[in-house]
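Asks: Quick one: the structure is below, and I'll ask about it shortly.
The values are calculated or read from the model by the stated rules, or taken from the named source; none is laboratory data. Please read all numbers here as calculations on a predicted model, not as lab measurements. Neighbour counts run over all protein chains shown; Cβ positions are idealised from the backbone, glycine included. These area figures cover heavy atoms from the full protein model, side chains too; ligands, DNA and RNA do not enter into them. Shrake-Rupley method; radii C 1.70, N 1.55, O 1.52, S 1.80 Å.
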Amino acid sequence: MDKVTMVWARQVAEAELCDVLPRRWAHSQGVVSCAAEVGRALGEDANLLTAAAALHDVGYAPRLSMTGFHPLDGARFLRDEHGADERLVRLVANHSFALLEAEERGLREVLATEFPLLEEPLLVDALVYCDMTTTPDGSRTAAQDRVGEIVGRYGADSVVGRFIRRASPEIFAAVARVEAVLAAQPR
């Protein structure tokens with residue numbers, strides 16, 4: 001993926017989130033910043049990671065919310081309105097173990113059929129890492145603190161609370177795998 005697509009992704013995310021959801025936009029900018037750091041471990045997929053980081057929460061934009069499930073709404077928007085790269089769309093659709101939340105919402109089959117999970121574990125893990133180590137305000141945090149913040153914000157018995165508690169072992173494992181890859185990188 002080229003730098004032009006990376007710039008385009010940031011522009012689309014800003015247009016959809018900046019004014020209507022400024023805190024979500026701040027989070028997305030923080031995820032992009034993290035992706036720029038993590039990208040060095042991904043080689044030619046670094047720009048794809050950064051583009052996905054910019055767009056991962058675009059489905060929260062009120063005008064795009066058709067199902068109320070932001071990974072699906074965002075992926076459909078990118079595919080249908082922008083004809084975006086398939087790998088990018090699938091990363092957005094499946095970011096941070098979205099299939100588990102889709103299951104909670106009765107949308108697992110829809111998500112899995114429309115946007116199959118990429119069989120690129122490091123790339124998928126890298127987006128989880130960037131999302132789950134970034135606060136809603138765009139600062140860095142520990143994944144455990146981020147999960148706790150999400151449960152606190154949505155409530156333990158909400159759809160999101162149930163999902164994030166189910167996903168937390170997978171989230172922590174993905175973060176650990178990325179941390180191991182980053183630690184092994186030459187400085």
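Asks: What does the charge count around Glu109 come to, taking other residues whose C-beta lies under 14 Å from its C-beta (Lys +1, Arg +1, Asp -1, Glu -1)?
Replies: On the way: positive: Arg105, Arg108; negative: Glu101, Glu103, Glu104, Glu114.
Within the 14 Å Cβ shell, the charges total -2.
Asks: A further question follows. When the Karplus curve 6.51 cos²θ - 1.76 cosθ + 1.60 is applied with θ = phi - 60°, which whole-Hz ³J(HN,Hα) does each residue of region 39-49 get, with x for Gly and Pro?
Replies: x, 4, 7, 9, x, 5, 8, 4, 5, 4, 4
Asks: Which value in nm describes the separation of the simple spin-label points at Glu103 and Asp19, placed 7 Å from the Cα toward the beta carbon?
Replies: About 4.0 nm separates the two model spin labels.
Asks: Got a sec to turn the phi values of region 136-151 into Karplus ³J(HN,Hα) couplings, 6.51 cos²θ - 1.76 cosθ + 1.60 with θ = phi - 60°, whole Hz, x for Gly and Pro?
Replies: x, 8, x, 8, 7, 7, 7, 4, 4, 5, 5, 4, x, 5, 5, 4
Asks: Sort region 129-187 into rounded, prolate or oblate with this rule: let a ≥ b ≥ c be the square roots of the eigenvalues of the Cα gyration tensor; rounded if a/c is under 1.5, and if a/c is not under 1.5, prolate when a/b is larger than b/c, oblate otherwise. If you can, show how the numbers build up before the last one.
Replies: Values: a/c = 3.98, a/b = 1.88, b/c = 2.12.
In terms of gyration-tensor shape, oblate.
Asks: Now, a different point. Let me test this: with uniform point scatterers at the alpha carbons of region 84-151, what is the Debye-based log₁₀ I(q)/I(0) at q = 0.26 1/Å?
Replies: -1.12
Asks: Further question on the same structure: Taking C-beta distances below 4.7 angstrom as the pairing criterion, name the unpartnered cysteines of the chain, in sequence order.
Replies: Lone cysteines by the Cβ rule: Cys18.
Asks: Using only the Cα atoms, what convex hull volume per residue in Å³ does the chain have?
Replies: Working: hull volume 19.8 nm³, N = 187.
In the chain, the Cα convex hull volume per residue is 106 Å³.
Asks: What per residue convex hull volume, in Å³, comes out for region 1-112 when only alpha-carbon positions are used? It would help to have the intermediate numbers written out before the result.
Replies: On the way: hull volume 10.5 nm³, N = 112.
In region 1-112, the Cα convex hull volume per residue is 94 Å³.
Asks: Here is a follow-up. Report, to the nearest whole %, how much of the accessible area of the chain belongs to carbon and sulfur atoms, 1.4 Å probe, protein only. Mind showing how you got there, number by number?
Replies: Working: 4500 of 8520 Å².
The value for the chain is 53 percent carbon and sulfur by accessible area.
Asks: Give the residue list of GluC sites (Glu not before Pro) in region 29-131 that are DSSP loop and have at most 15 other beta-carbon atoms within 10 angstrom.
Replies: Details: sites: Glu37, Glu44, Glu81, Glu86, Glu101, Glu103, Glu104, Glu109, Glu114, Glu119; in loops: Glu119.
Answer by residue number: Glu119.
Asks: Oh, and also: Obtain the nm distance between the two label points defined at Glu120 and Ala142 by a simple spin-label model: each point lies 7 Å from its Cα along the Cα-to-C-beta direction.
Replies: 3.1 nm
Asks: Any idea how far the Cα center of region 154-175 sits from the one of region 58-90, in Å?
Replies: 22 Å
Asks: Show me the chymotrypsin sites (Phe, Trp or Tyr not before Pro) within region 43-146 that DSSP assigns to loop and that have at most 13 other Cβ atoms within 10 Å of their Cβ. Please report the intermediate quantities before stating the final value.
Replies: Values: sites: Tyr60, Phe69, Phe77, Phe97, Tyr129; in loops: Phe69, Phe97.
Within region 43-146, no chymotrypsin sites (Phe, Trp or Tyr not before Pro) qualify (loop, at most 13 other Cβ atoms within 10 Å).
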